[in-house]
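A short reminder: the numbers here are calculations on the coordinates, not readings from a lab. It should be emphasised that the depicted structure is a prediction, and the values quoted were computed from it without experimental measurement. Counting neighbours? That spans all protein chains shown, and the Cβs are built from the backbone with ideal geometry, glycine included.
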Amino acid sequence: MAQLNSQNRITIGGISVDSNLDTLVREEIMPGLGLDANIFWNSFAEIVKDLTPRNRDLLKIRDRLQQQIDEWHQQHQGEHHDLENYRDFLQSIGYLVPEGPDFQISTSGVDPEISQIPGPQLVVPVSNARYALNAANARWGSLLDAAYGTDVIPETDGMEKGTSFNPQRGTKVFEFAHGVLDTSAPLVQGSFSRVVGFSILQEELKVLLQDGVETGLQNSEQFAGYNGSPESPETILIKKNMLHLEIQLDRNHPVGKDHPAGISDILLESAITTIQDCEDSVAAVDASDKVHVYRNWLGLMKGDLSAKL
């Protein structure tokens, strides 16, 4: 049973817990999990009681090592640094261990996003809901928006971004995008700049060019899937180096209506993973800080986190 004291903390399972953190656990986290808060806190208390003495012993070892290292540097102050002698010293106190034979890591069950797929990883403070949401939604990004809104396309005469859509800049954006497609998924014949239509036949991507020639991908295995009908797909998924790009097709779209093949956007698989950080880019130390970051994380897990711009 939890007991409230005068410091706005409760005692449960023999440990002291901030009452606001307890309220978050009881009223917001546990109901969605179908778990009992008292059982959670008592189980957590057992973990704390088990590991705290072990952590204290490890901290004593760390303090001893640091003291020995400090003393070594004080004793050798002003001397020429002897790397071999220093390494021997670190090994003698147990800070370094002798290098062993080569070995392979045997960790299993690691998601492909961590173990195999090449791509950037974001780090954001989960205390900032807007940053956290932007990062969580950064797996896919628009190539057209990125090219139009950055200096990928120089703002030379007539190519300025301006305050409204610039058709001349838009043309340059598609020239750039076609080049990306030609490099990432080259056609057997022709260029994506000459494409007027896409279709799917016997699970292969068919590409129609302006001169009526039908072609396909040089590497047919790059075609990963599609949405819509085979005769008139709405999206086409292409893969390269375990990453994907999605060609979106919509001839009624403000962008797609002016493209010969109806391409309205090209999405690139971008930030593969995100670290939602609590103790690096932000320091969630006090109970109020922890309640804030845990609540934001809960919102990400439930899909209801929002932020005002």
Assign unit charges at the C-beta atoms only (+1 for Lys and Arg, -1 for Asp and Glu), then state the dipole size of the stretch 3-92 relative to its Cα centre in Debye, rounded to the nearest 20. 340
Taking H placed 1.01 Å from N in the peptide plane, check which residues at least 5 places from GLY228 or on another chain put their amide H under 5 Å from its amide H. GLU234
Local charge sum around ILE200 (other residues, Cβ-Cβ under 10 Å, Lys/Arg +1, Asp/Glu -1)? -2
Given the peptides 112-125, 230-243, 67-80, arrange them by the average over their residues of other C-beta atoms within 10 Å, most packed first. 230-243, 112-125, 67-80
Can you find, among VAL188, LEU309, LEU209, the residue sitting farthest towards the positive end of the charge dipole of the stretch 179-309, where Lys and Arg contribute +1 and Asp and Glu -1 at Cβ? LEU309
Ratio of the Cα radius of gyration of the stretch 3-92 to 2.2 N^0.38 Å, where N counts its residues: 1.88
Given Cβ point charges of +1 (Lys, Arg) and -1 (Asp, Glu) and nothing else, what value in debye, to the nearest 20, does the dipole of the chain about its Cα centre take? 760
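Taking the Cα centre of the stretch 140-269 as origin, sum charge times position over the Cβ atoms of Lys and Arg (+1) and Asp and Glu (-1), and report the length of that vector in debye to the nearest 20. It would help to have the intermediate numbers written out before the result.
Values: 9 positive and 19 negative charges, 14 e Å.
Once rounded to the nearest 20, the dipole reads 60 debye.
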Find how much the distance from PHE103 to ASP157 grows on full extension, using 0.36 nm per residue of separation minus their present alpha carbon separation; answer in nm with one decimal. 13.5 nm
Can you give me the Cα centroid spacing of the stretch 134-175 and the stretch 55-130 in angstrom? 44
Excluding residues fewer than 8 positions from LYS60 in its own chain, the lysines with Cα under 20 Å of it are LYS49
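Using R₀ = 25 Å, calculate the FRET efficiency as 1/(1 + (r/R₀)^6) where r is the Cβ-Cβ separation of ARG64 and ASN85; round to 0.05.
Details: r = 21 Å, r/R0 = 0.82.
After rounding, the FRET efficiency stands at 0.75.
To the nearest 0.05, what FRET efficiency results for SER43 and SER306 with a Förster distance of 41 Å applied to their C-beta separation?
Step by step, r from the Cβ atoms, then E = 0.80.
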Using a Förster distance of 35 angstrom, determine the FRET efficiency expected from the C-beta separation of ALA283 and ASN252, and round it to 0.05. 0.10
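Step through the table entries LYS257/LYS308; LYS239/LYS308; LYS172/LYS257; LYS161/LYS257, compare each Cα-Cα distance with 24 Å, and write down the pairs that go over it.
Details: LYS257/LYS308 33 Å; LYS239/LYS308 35 Å; LYS172/LYS257 16 Å; LYS161/LYS257 21 Å.
Beyond 24 Å: LYS257/LYS308; LYS239/LYS308.
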Of (i) 53, 31, 21; (ii) 32, 23, 18; (iii) 29, 22, 20, which one was derived for semi-axes √(5λ) of the Cα gyration tensor in Å from the structure shown? (i)
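Pulled fully out, how much extra length does the chain show between ILE275 and GLU204, if you take 0.36 nm times their separation in residues and subtract their Cα-Cα distance? Show your work: numbers first, answer last.
Numbers: separation 71, 0.36 × 71 = 25.56 nm, distance 3.73 nm.
Full extension of this stretch gives 21.8 nm more.
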Rotationally averaged projected area of the stretch 140-269 (alpha carbon convex hull; nm²): 8.0
With the dipole of the stretch 3-92 worked out from charges on the C-beta (+1 for Lys and Arg, -1 for Asp and Glu) around the Cα centre, which of LEU58, GLN75, ASN38 lies farthest toward the positive end? ASN38
Residue order, fewest to most beta carbons within 10 Å, for HIS259, HIS253: HIS253, HIS259
